[in-house]
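Working notes, beginning with the structure itself.
The values are calculated or read from the model by the stated rules, or taken from the named source; none is laboratory data. The structure presented is a predicted model; accordingly, all values stated were derived computationally and were not measured. Here the Cβ positions follow ideal geometry from the backbone for every residue, glycine too, while neighbour counts run over all protein chains shown. The accessibility values were calculated without ligands, DNA or RNA, using every heavy atom of the protein model including side chains. Shrake-Rupley method; radii C 1.70, N 1.55, O 1.52, S 1.80 Å.
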Amino acid sequence: MGRKPMQAPHTVGSSNSSSSSSSGGGGGANESSVAGCALLVAGTTVGAGVLALPAVTAPAGFGATAVALSAGSCYSIVTGLLLAEVTINMISSRNADAAESSSSSEQPPTSLTSIAVALIGGGGAVAVAVPYLFLHYSMLVAYIAKAGDVLGDWTGLPVAPAALLFTCGLGGAVYVLPDGGVDRLNGALVAMVGASFLGLLAVAGSDIDPARLGTAHWGAVVPALPIIALSFVYQNVVPVVVQRLGRDPAKVTSAIVLGMAGPLIMFLLWDGAVIGSAPSGSYIDDASALAAAGGDPLQALRDNDPVAGLLIEVFAMGAVATSFLGFVLSITEYLGDMAATAGGSATCATPEATADATTGATGATTGTTTGAAGGAGAAAATTATVATVATVATPGATGATGATSFAAGTTPEGRVAAEAEAQQGARQRNGHEARPPIAAPLVVPRFALYAAVLLPPLCIALVNPGAFLGALEYAGTYGVLSLFGVLPPVLAWLQRYGSSDGVPPAAGRVEMVPGGRPMLVAVGACGAAVIANQAHIHLTQLAV
């Protein structure tokens, strides 16, 4: 029931995973079933965001909330299908190019970052990384704040020490335990979430007042939209689903639609049980009073029924803990990879390979027999580099070109120039002249990575212990709706109509979302409108 780890954008759906992808068209030997991928979508969708739904949707009433949840699930399906469309077309195009050139050295892009870079350019990585990091840190703030509240009720500790205890305890467990231990811990927490949710439905369902379920205050729906969008996030696993289903559009569509049906039903039952069972005459009867007081229907249910209160606390702690585990693992891996990439982005060859590549470049410049040595230098640089960098690859490639113009070095002038350049290369190898700077990938200590992940959200949660709903709202507005609301139609538009890397019609491009340009504009405009509305509200609050 807890959210699975949200992998870093550049590693989601990696081709080294168990997912299948043949270089041709459809399937592979290890394809998963539609049902299995639907469960992956459903398991990724259900997370701690469900805890905030009753509080933000109660002012709207269950009738309006049911419509908003249904619309939110449809919107999430559409954006997921757009990402699937872009992924399928991109992989098919790259595979076709590889087949024509009889080369399979470059893996097709299967991550959101690689696709964004291919369609948008260098700014695509920023367009993914910024909302990704904002989303993860905001969610960690929300989880720590909520856990401090619940753990404080259980132990009698103040909220701040309880939040510190949760962060150090569970964060320390992730740091110390091996992968198998973390999986077993997560499995126990998932079982706790499932059992408490079923028990809560049984307890609260017996007290539901059907009259409450028809209440609808449509104007109160808009403020709940960011949390609703956050509750239906699964798009980060779309590239994995595409690979596992052999890039079959019909199967991918079925997996996404079926996978979203389960969470929608669960959220409707959850919201209906909490709102519909609130005691008569409580503040939940007055939408304006509830909004003004910042009331939480879960608190009303806890106060009215001790058994339901205990189940709510167990459910809340389990949901927060499972989501916390996944987000900590994901962002830790992402920051580590980011540091390694940044550290190795200058020059990454060994001294010997760099000297050989320099000699290769020299041979290319003169076009003499040294050009043959340049080709060898390029090979040495290629095999010895820690990470491929243009400053190393370019000399090697030019050296190979020099080898093809071997005849140019048969003149006396060419031989003299070749000897001079060879001597310069020898001096560089012997340390007589400056060599290009060598930089190995930056390896950040594991403890430092975990500190960078846990300390900032912990500090924010300690300063603002009531940050749960606010952090989720910010994550839904500026993280989810940017990354999985506005970006998918932009990528689809660029691939269909405006990108040089787009798949031409002859390559068999698929369009999994009908409606053409108007549909893409509408999908992007919906996400942008919610972001703009919430930004206006937040700026107004800051100005007061």
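Checked against (1) within 18 Å of residue 63 (Cα to Cα); (2) at pLDDT 85 or above; (3) open to solvent by 30 Å² or more (accessible area, probe 1.4 Å), residue 215 passes all but condition (2). Of the residues examined, residue 462 is one that is open to solvent by 50 Å² or more (accessible area, probe 1.4 Å), more than 30 Å from residue 93 (Cα to Cα), modelled with pLDDT of 85 or more and out of contact with any Phe, Trp or Tyr (no Cβ under 7 Å at 6 or more places or on another chain). Do we have residue 523 as open to solvent by less than 60 Å² (accessible area, probe 1.4 Å), among the β-branched types (Val, Ile, Thr) and modelled with pLDDT of 95 or more here? Yes. So if I check each of 70, 18, which one is modelled with pLDDT under 90 and not aromatic (Phe, Trp, Tyr)? Just a single option satisfies the conditions, and that option is 18.
Each row is one residue, and each column tells you yes or no for (1) modelled with pLDDT of 75 or more; (2) under 30 Å from residue 470 (Cα atoms).
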site: 85; (1), (2): yes, no
site: 89; (1), (2): yes, no
site: 93; (1), (2): yes, no
site: 100; (1), (2): no, no
site: 113; (1), (2): yes, yes
site: 127; (1), (2): yes, yes
site: 140; (1), (2): yes, yes
site: 144; (1), (2): yes, yes
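Of the residues 301, 325, which single one is open to solvent by less than 10 Å² (accessible area, probe 1.4 Å) and at pLDDT below 75?
301
Got a number for residues in the range 120-171 being among the hydrophobic types (A, V, I, L, M, F, W, C) and not in a helix (DSSP H, G or I)?
1
Counting the residues of the range 164-188 that are open to solvent by 50 Å² or more (accessible area, probe 1.4 Å) and aromatic (Phe, Trp, Tyr) gives 1. A Cβ distance below 6 Å, combined with a sequence gap of six or more or placement on separate chains, defines the contacts here; from the range 82-96, residues that are outside any helix (DSSP H, G or I) reach no residue that is at pLDDT below 85.
Yes/no matrix, rows are residues, columns are (1) open to solvent by less than 30 Å² (accessible area, probe 1.4 Å); (2) touching a Ser or Thr at 6+ places or on another chain (Cβ under 9 Å):
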{"site": "144", "(1), (2)": "yes, yes"}
{"site": "149", "(1), (2)": "no, no"}
{"site": "154", "(1), (2)": "no, no"}
{"site": "157", "(1), (2)": "no, no"}
{"site": "162", "(1), (2)": "yes, yes"}
{"site": "190", "(1), (2)": "no, yes"}
{"site": "194", "(1), (2)": "yes, no"}
{"site": "204", "(1), (2)": "yes, yes"}
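Would you check if there is a residue in the range 40-49 being surrounded by fewer than 23 Cβ atoms within 10 Å (Cβ to Cβ) and modelled with pLDDT under 85?
Yes, the range 40-49 contains at least one residue that is surrounded by fewer than 23 Cβ atoms within 10 Å (Cβ to Cβ) and modelled with pLDDT under 85.
When residue 186 is tested against the conditions (1) without any contact (Cβ under 8 Å) to a residue 12 or more places away in the chain; (2) closer than 14 Å to residue 317 by Cα, the lone failure is (1). Residue 76 falls short on exactly one of the conditions (1) in contact with a Phe, Trp or Tyr (Cβ under 7 Å, 6 or more places away or on another chain); (2) at pLDDT below 85, and that condition is (2).
Where helices (runs of 4 or more DSSP H) sit wholly within the range 222-281, those with at least 2 residues that are of a type in the set (Gly, Ala, Ser) occupy 225-231, 249-276. Considering the conditions (1) in a loop (DSSP other than H, G, I, E, B); (2) under 24 Å from the mean Cα position of the chain (by Cα), residue 184 is excluded by exactly one of them, (1).
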